[in-house]
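The values are calculated or read from the model by the stated rules, or taken from the named source; none is laboratory data. Since this is a predicted model, take the numbers as computed values, not measurements. Counting neighbours? That spans all protein chains shown, and the Cβs are built from the backbone with ideal geometry, glycine included.
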Amino acid sequence: MVAGLLIGLLIGAAGASIVLRRLHKGERDTFSTTMKALAADVFASQSESFLALAKTQLEPREKAVESLVHPIKESLEKMGTTLQGLEVARQGAYSELKTQVAQLLESQKELRSETGNLVTALRSPVVRGRWGEMQLRRVVEMAGMLAHCDFVEQTTVTADGSRLRPDLLVQLPGGKQVVVDAKAPLQAYLDALEARDEDTRHARLVDHARQIRDHIAKLSAKSYWSQFPQTPEFVVLFIPGETFFSAALEQDPTLIEQGVNQQVILATPTTLIALLRAVAYGWNQETVAESARQVSELGRDLYNRLATLTGHFTKVGRGLESAVRAYNDTIGSFERSVLPGARRLKEHGVVPKDEVAELKEIELTARAPKAAELPAAVIDDAA
């Protein structure tokens, strides 16, 4: 409809332009004004019709589109609310993470400082030896092998004019002992921690493995097992840290085999705890066995005492039977010798206040012990 209107207006305008060229100027002005007014009226009328038609056709579509868009709008609003909450939570988590990272950096700084202090302190042989002994005591305590019951520290023996002092003697059940030495060399490893470049660090770690190997040889040459009675033919070399042991093994994987060949067992805190736990289990079994022996002795003694007590009961039973027989014999004598005279007194006019009660014999007998568990002598004696 709109297209037809426009085409009509264009045709009318074209025809008007032809007519205007044929008219005079005054007539052209009048005609032009009339045509404009007519075109305006036609356009206004057609516009109202178009708007009414558009309103009639577009309103249902608008409502349909609105019904489709409304759930999407609600979903977007909910999503926006959720995103706002997530953003708030993210900011809070980021702030907390930032705080924790700052604390972690501070802790690392303190740890680095403390590690530096420890490395500096461990460079002193006296401090390093004392620290190794402390680590050894902690391992023994965690394994349940306390100093007052299961091990002896700093025992010194003299052999071939030299004094041997192991750091620990682990007492085994049956009077046996295991010697533990905690003087592992750590100087080269400490130097490796302070190395400026990788080549220097590698060289220091190689020295660390060599020092462990040399100490194994020296420890084997001391032959602790020949100085302490009832000691297995090996000695335990305690290395007070897993890192010290792993660093040496990286440079020389044959250290364990070399130690076994020289009767030296390398032990870190983890492996020494396992060894001491096994010893503690042996002590527990020894305690259980000792308790079982004592219980057996107590049971045997109790059984013997029960047998003795049964003999006493048998004697008491025999005594009761003798008393019963004497009682019965007394009643018989009383009835035969005493009562007849008393009855004759009544014949001579003696009137008693009360009658003499009749006495009955006791026929019960004491029960003799017959249990199969009792000694045969006791049963025969009771019979």
Scanning the range 247-264 residue by residue, those touching a residue at least 24 places away in the same chain (Cβ under 8 Å) and under 10 Å from ILE216 (Cβ atoms) turn out to be LEU255, GLN258, GLY259, GLN262, GLN263, VAL264
Looking only at the range 174-187, decide whether some residue is buried (at least 19 other Cβ atoms within 10 Å of the Cβ), in the same structural domain as PHE238 (by TED's automatic domain parsing) and in a helix (DSSP H, G or I).
no
Assuming TRP225 fulfils every condition listed in (1) at pLDDT below 90; (2) crowded, with 16+ Cβ neighbours inside 10 Å; (3) over 30 Å from GLY282 (Cα atoms); (4) not small (Gly, Ala, Ser) apart from one, which condition is it?
(3)
Would you mind telling me which numbered condition in (1) touching a Pro at 6+ places or on another chain (Cβ under 6 Å); (2) modelled with pLDDT under 85 HIS215 fails?
(2)
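Against the condition modelled with pLDDT of 85 or more, among the basic types (Lys, Arg), under 30 Å from ARG165 (Cβ atoms) and in a helix (DSSP H, G or I), how does ARG138 come out, does it pass?
Taking the combined requirement at face value, the residue satisfies it.
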Looking at the range 325-332, can you tell me whether even one residue there is modelled with pLDDT under 75 and among the acidic types (Asp, Glu)?
no
Would you point out which residue out of ARG318, ARG293, ARG300, ARG277 is modelled with pLDDT under 85, part of a helix (DSSP H, G or I) and among the basic types (Lys, Arg)?
ARG318
Restricting the range 268-302 to residues that are over 17 Å from LYS176 (Cα atoms) and in contact (Cβ under 8 Å) with a residue 60 or more places away in the chain, the residue that is surrounded by the most Cβ atoms within 10 Å (Cβ to Cβ)
LEU272
